[in-house]
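Student: The following block contains the structure, expressed as structure tokens.
The values are calculated or read from the model by the stated rules, or taken from the named source; none is laboratory data. What you see is a predicted model; the values in this text were computed from it and never measured. Quick reminder, even Gly has a Cβ in these numbers, built from the backbone with ideal geometry, and neighbours come from all protein chains shown.
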Amino acid sequence: MALKTEHMVLNMGPQHPSTHGVLRLELEIEGELVNKVTPHLGYLHRCFEKHAEAMQYNQVVPYTDRLDYLAAIGNNFGYALAVEKLLGIEVPERVEYIRVIMAELQRIASHLVAIGSNGADIGALTPFLYLFRDREHILSIIEETCGARMLYNYIWVGGLSHDIHPDFVRKTKEFCNYFKPTIVELDNLLSYNKIFIERTANIGVLPVDTAINFGSSGPTLRGSGIKFDLRRDDPYSIYDRFDFEIPVGKGLMGTVGDCWDRYYVRIREMEQSLRIIEQAIDHIPEGDVQSAIPKRIKPPKGTVYKRVENPRGELGYFIVSDGTVNPFRVKVRAPSFVNLEVLGELCKGYLVADVIAILGSIDIVLGEVDR
Amino acid sequence: MYQYFYDLTGNTILATLIVAVFPLVNVLIVALIGVYLERKVSAWIQDRVGPNRTGPFGLFQTVADFVKMLQKEDATAKDIDSKLYNIAPVLVFTGSFAAYAAIPFSSKLIGSEAEVGLFYVIAISSLVVGGILMAGWSSNNKYSLLGAMRSAAQIISYEIPTAIIVLSIVMLTGTLSLDKISNMQTAYFWNWNIFGGAEFGITKFLLIPFMVVGFIIIFISTLAEVNRTPFDIPEAESELVAGYFTEYCGMKWAMFMLSEYGNMFAVSAIVSILFFGGYHSPIGYLGNSLGIEWLIPFEQAFWFLAKGWLFILIQMWLRWTLPRLRVDQLMSLCWKYLIPYAFVNLIIIGVISLL
Amino acid sequence: MKSAEEIFEMLKGEFGDSILVLDNDTPTEPIISVDPLQIHRVSKFLREHPDLQLDSLMCLSGVDDANGNKVTNADGDELIEGGTLSVYYNLHSVSLKHKISLKVSTSRTEPKVESVENIWKSANWHEREAFDLLGIFFLNHPDLRRILMPYDWDEFTTEVSRHPLRKDYKNPEFYQGMKVPY
């Protein structure tokens, strides 16, 4: 007589050490083998889009901080650009430079968390704390300028909330010099660690066409080996003036598009961000950072879709204006939301422990998934 | 030692109790210092400060934790199998505590001078697997169950290479008594088994490389047996929350903790007895040169604890440096690499000892 | 690289009446309006035509146009009757690097749009979101459930508090016994 068997359903989350927030994954497992992963979202839904409809355009900026709370400047940046495009205004050179430098600093800070938590998921807790130590430098640089450490409300429509602190340039340069050797240290400690490679190489392989079809972006897409970076392929602000490379996954340790590639792309991207900062930091022109801030933001009727390269991928704002001071509809195309969708595809046939590694390599922020 | 106290008190029960208290105190102290050290070592490694508020240098942090643990409510879930659930932590603790009975702390401080000490330690520490399986099954929690299954598979698998290496030492020394094995490596450190044992000759130099290999294998597999990183898969916190003891709290949880640190010291002790001369000093005794006879056992106890703690420190160092393996990689490491190498090592050591 | 006008001409030639208008008036990108029940065919063409290759769906947004008549029902709730709900598609070609936006409008009372899930997988969750927050039904969608709101939201709410991003949305009094307006 055949024994009746059924798959075990394991609820991972919403309270779980490595779902990076309140994500619930419903795993259908057979022993340790994962047959199906169903993500359940919404535990951190804070009605951003509904709130935005009740706000004036400039009042929405602090709310955007709370989307991807690890890269708040990037969120401000995207929103400001979208509204500026709707209004058709130009911002001063000085603002553009400061925005780019801030966004790149924020990108490094965000990648540090991503890399660190990816390592911590696999069991390496020490690199995680090293990276938080390094992130601290960036946070204090930004804090000195705009007073906040995480949710900055820094980039406003048409300008910035504060001009940079007099020490900003010196400290940023110091940070660049400090940070370069620590990338090498990180590589030696984690990237080329045999166990780490064993755990991430050939795991969760994402082919390019699947990645594009699922709308993946950012390091998740570039890890699959395609050079696609909005800073170069759809340039915004003044990114076209800087010289930088787009690191892509090459399958150095396994297959192109595996977890290790996605992880490694982030490390190499931090180097490129440093390059951009170093090119920009000496050329910040003089000027008033608030001169272009409109007194009253009342864009004409119309729609706009503006996308920027956030640390996690393509952050898009779709804004519908009905000609009043309130946005009629603000839709956020959150990179984590879209990148997370591919998880079910990636995890099939791997073990429970690999689900954690894959989730860590996609690097989601629940604030942005649930909005 | 039992004989000594029996002569002193003339009562078997009293003597047994007194003898049992020593290892118990040791386990508690090991756990107390071990937890503190783990925190401090991890803090130093991670560029942090670590506990520094409770007492000087945070020394009382663990004491405070234990007091907190004692006061905690014993919260249990509704649908647990309460019999097994309550027995499990006791069984796990018994398993690791009972091993201390045969471990010689010094020539005068041995719970039982059993002839089959080594065999006894390996056998009794397998009790832990039963306890872990019970804990995992009775908790009625899927994470606990997965953790328990992983743990059972892991501990049982890694006992094989451990046993084979132990066998090769037994072949060489011709005894199962831990005390006798220690005594064979007396005087200076070049008499330790890792340096080929006390017998001087060509075989000693032939043995050294294979002894080193044997030490590495047994160190790795004992690391796996006590569930330390990179083999902490049963309690992998980022995957299984806390593994088989997810549902435990308060003192029951503390029992698991105690037995973990107890086990750490026990395996370190076994490794140091087998390869590093046990309680014998590497550089001779102060008591001998000064002519103070009674000082020697104390010196021996010091060296034994020092060796044990050294291995614990290495375990901690590894834990805070390395990521964690996956369950299938762990198994393939054991079955594809450690066991074959251990067998080859056993045969070669056997041939050499015949020379 | 193709401009919006060229793409519009191509689509007009291929599908005729399913392609409604090209809206160049918006301050930024032009938008092509499409029949909601033809969007699947159009999308397939856009993705597979060798000169277009719009292989990436950047964003899919539902919008409540709120262009119907405002009426007050028996409970004193202000409702919008008639009018349309719209879905915007922002497409992009990774290889050819051109962009285009599509728009479909469907009736508010019976909002039905063809799903493009089997053309761009990324549409899956975006469509679920539009269904969840605006109540637009995507035909042939394999898994049309709520995504951000609780799965059992419908059981505890009334008609006006089903889909929060509709302009006439009202908070329900209670959800699962918890008071909602605070």
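Student: Could you check C:L85 against (1) within 14 Å of chain A (Cβ to nearest Cβ); (2) more than 29 Å from A:V208 (Cα to Cα); (3) surrounded by fewer than 20 Cβ atoms within 10 Å (Cβ to Cβ) and say which number it fails?
Tutor: (3)
Residues are listed down the side, and each one gets a yes or a no for (1) in a helix (DSSP H, G or I); (2) touching a Phe, Trp or Tyr at 6+ places or on another chain (Cβ under 9 Å); (3) buried (at least 16 other Cβ atoms within 10 Å of the Cβ):
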residue: A:N153; (1), (2), (3): no, no, yes
residue: A:I164; (1), (2), (3): no, no, yes
residue: A:V169; (1), (2), (3): yes, no, no
residue: A:T172; (1), (2), (3): yes, no, yes
residue: A:F175; (1), (2), (3): yes, no, yes
residue: A:N188; (1), (2), (3): yes, no, no
residue: A:F196; (1), (2), (3): yes, yes, yes
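Student: Moving to a separate point now. I'm checking my understanding of the structure. Among residues of region C:162-179 that are within 12 Å of chain A (Cβ to nearest Cβ) and without any contact (Cβ under 8 Å) to a residue 40 or more places away in the chain, which one is farthest from C:Y88 (Cα to Cα)?
Tutor: Per the criteria, the residue is C:N171.
Student: Can you find a residue in region A:64-73 that is within 12 Å of another protein chain (Cβ to nearest Cβ) and of a type outside the set (V, I, T)?
Tutor: Checked against the condition, which is being within 12 Å of another protein chain (Cβ to nearest Cβ) and of a type outside the set (V, I, T), region A:64-73 yields no hits at all.
Student: OK, next. Pull up region A:301-352, narrow it to residues that are more than 22 Å from C:L134 (Cα to Cα) and of a type in the set (D, E), then point me to the one that is farthest from the other protein chains (Cβ to nearest Cβ).
Tutor: That would be A:E309.
Student: Please enumerate the residues belonging to region A:138-147 that are crowded, with 19+ Cβ neighbours inside 10 Å and within 19 Å of the chain's Cα centre (by Cα).
Tutor: Those that are crowded, with 19+ Cβ neighbours inside 10 Å and within 19 Å of the chain's Cα centre (by Cα): A:I138, A:I142.
Student: Among the residues of region C:2-52, what is the count of those that are modelled with pLDDT of 70 or more and assigned to a loop (DSSP other than H, G, I, E, B)?
Tutor: 12
Student: Here is a follow-up. Take the residues in region A:74-97 that are more than 14 Å from chain C (Cβ to nearest Cβ) and part of a loop (DSSP other than H, G, I, E, B), then tell me which one is farthest from A:Y305 (Cα to Cα).
Tutor: Filtering region A:74-97 for residues that are more than 14 Å from chain C (Cβ to nearest Cβ) and part of a loop (DSSP other than H, G, I, E, B), the one farthest from A:Y305 (Cα to Cα) comes out as A:P92.
Student: Do you know which residues across region C:71-123 are charged (D, E, K, R) and part of a loop (DSSP other than H, G, I, E, B)?
Tutor: Listed by number, the residues that qualify are C:D75, C:D77, C:K97, C:R108, C:E110, C:E117, C:K121.
Student: Now for a different question. Name the residue, out of A:P335, A:P327, A:P300, that is more than 26 Å from the chain's Cα centre (by Cα) and under 24 Å from C:S61 (Cα atoms).
Tutor: Among A:P335, A:P327, A:P300, only A:P300 is more than 26 Å from the chain's Cα centre (by Cα) and under 24 Å from C:S61 (Cα atoms).
Student: Also: Can you list the helices (runs of 4 or more DSSP H) found entirely within region B:235-307 that contain at least 1 residues being under 19 Å from the mean Cα position of the chain (by Cα)?
Tutor: B:250-275
Student: For B:R228, only one of the following conditions fails: (1) at pLDDT 75 or above; (2) in a helix (DSSP H, G or I); (3) closer than 29 Å to B:A148 by Cβ. What is its number?
Tutor: (2)
Student: Which numbered condition trips up A:H45, out of (1) within 8 Å of another protein chain (Cβ to nearest Cβ); (2) at pLDDT below 85; (3) within 21 Å of the chain's Cα centre (by Cα)?
Tutor: (2)
Student: Still on this structure, I have one more. If a residue must be polar (S, T, N, Q) and at the interface with another protein chain (Cβ under 10 Å from one of its Cβ atoms), how many such residues does region A:188-221 contain?
Tutor: So the count comes out to 6.
Student: Kindly check whether there is at least one residue in region C:37-56 that is within 14 Å of chain A (Cβ to nearest Cβ) and exposed (fewer than 14 other Cβ atoms within 10 Å of the Cβ).
Tutor: Checked against the condition, which is being within 14 Å of chain A (Cβ to nearest Cβ) and exposed (fewer than 14 other Cβ atoms within 10 Å of the Cβ), region C:37-56 yields at least one hit.
Student: Does B:M149 satisfy the criteria of being without any contact (Cβ under 8 Å) to a residue 24 or more places away in the chain and either within 23 Å of A:L10 (Cα to Cα) or touching an Asp or Glu at 6+ places or on another chain (Cβ under 9 Å) (or both)? Write out each step before concluding.
Tutor: Working: without any contact (Cβ under 8 Å) to a residue 24 or more places away in the chain: yes; either within 23 Å of A:L10 (Cα to Cα) or touching an Asp or Glu at 6+ places or on another chain (Cβ under 9 Å) (or both): yes.
Answer is yes for this residue.
Student: Ok, one more. Do we find that C:K103 is out of contact with any helix residue (DSSP H, G or I) (no Cβ under 9 Å at 6 or more places or on another chain), surrounded by fewer than 24 Cβ atoms within 10 Å (Cβ to Cβ) and away from chain A (no Cβ under 11 Å) in this structure?
Tutor: So C:K103 fails the test.
Student: Would region C:126-146 turn up any residue that is within 11 Å of chain A (Cβ to nearest Cβ), surrounded by fewer than 18 Cβ atoms within 10 Å (Cβ to Cβ) and either in contact with a helix residue (DSSP H, G or I) (Cβ under 9 Å, 6 or more places away or on another chain) or at pLDDT 80 or above (or both)?
Tutor: yes
Student: Turning to a different aspect of this structure: Here's a check for you: in region A:93-121, which residue that is touching an Asp or Glu at 6+ places or on another chain (Cβ under 7 Å) and either among the hydrophobic types (A, V, I, L, M, F, W, C) or surrounded by fewer than 20 Cβ atoms within 10 Å (Cβ to Cβ) (or both) is farthest from A:W260 (Cα to Cα)?
Tutor: A:R94
Student: I need a count of the residues in region B:102-152 that are part of a helix (DSSP H, G or I), out of contact with any Lys or Arg (no Cβ under 8 Å at 6 or more places or on another chain) and not aromatic (F, W, Y).
Tutor: 28
Student: Do we have A:T220 as in a helix (DSSP H, G or I), under 29 Å from A:E96 (Cβ atoms) and of a type in the set (V, I, T) here? Break it down into steps so the answer makes sense when it comes.
Tutor: Values: in a helix (DSSP H, G or I): yes; under 29 Å from A:E96 (Cβ atoms): yes; of a type in the set (V, I, T): yes.
Yes; evaluated as a whole, the condition is true for this residue.
Student: Would you check if A:V205 is crowded, with 19+ Cβ neighbours inside 10 Å, touching a Gly at 6+ places or on another chain (Cβ under 6 Å) and under 23 Å from A:E314 (Cβ atoms)? Even if it seems obvious, please write down each step before you answer.
Tutor: Numbers: crowded, with 19+ Cβ neighbours inside 10 Å: yes; touching a Gly at 6+ places or on another chain (Cβ under 6 Å): yes; under 23 Å from A:E314 (Cβ atoms): yes.
Here the answer is yes, as A:V205 does meet what is asked.
Student: Could you look through region B:60-95, keep only residues that are β-branched (V, I, T) and more than 21 Å from B:S138 (Cβ to Cβ), and pick out the one that is surrounded by the fewest Cβ atoms within 10 Å (Cβ to Cβ)?
Tutor: In the first step, residues of region B:60-95 are kept if they are β-branched (V, I, T); the result is B:62-63, B:67, B:76, B:80, B:87, B:90, B:92, B:94.
Going one step further and asking which of them are more than 21 Å from B:S138 (Cβ to Cβ), we end up with B:62-63, B:67.
Details: B:T62: 20, B:V63: 14, B:V67: 10.
Looking at residues that are β-branched (V, I, T) and more than 21 Å from B:S138 (Cβ to Cβ), I get B:V67.
Student: Does B:T186 satisfy being touching a His at 6+ places or on another chain (Cβ under 6 Å) and under 24 Å from B:G117 (Cβ atoms)?
Tutor: So B:T186 fits the description; yes.
Student: Output the qualifying pairs, or none if there are none: Cβ atoms under 8 angstrom, residues six or more apart or on different chains, first residue in region B:246-268 and at positive phi and touching a residue at least 40 places away in the same chain (Cβ under 8 Å), second residue surrounded by fewer than 23 Cβ atoms within 10 Å (Cβ to Cβ) and among the small types (G, A, S).
Tutor: Here the result reads B:G250/B:A75, each pair linking region B:246-268 to a residue that is surrounded by fewer than 23 Cβ atoms within 10 Å (Cβ to Cβ) and among the small types (G, A, S).
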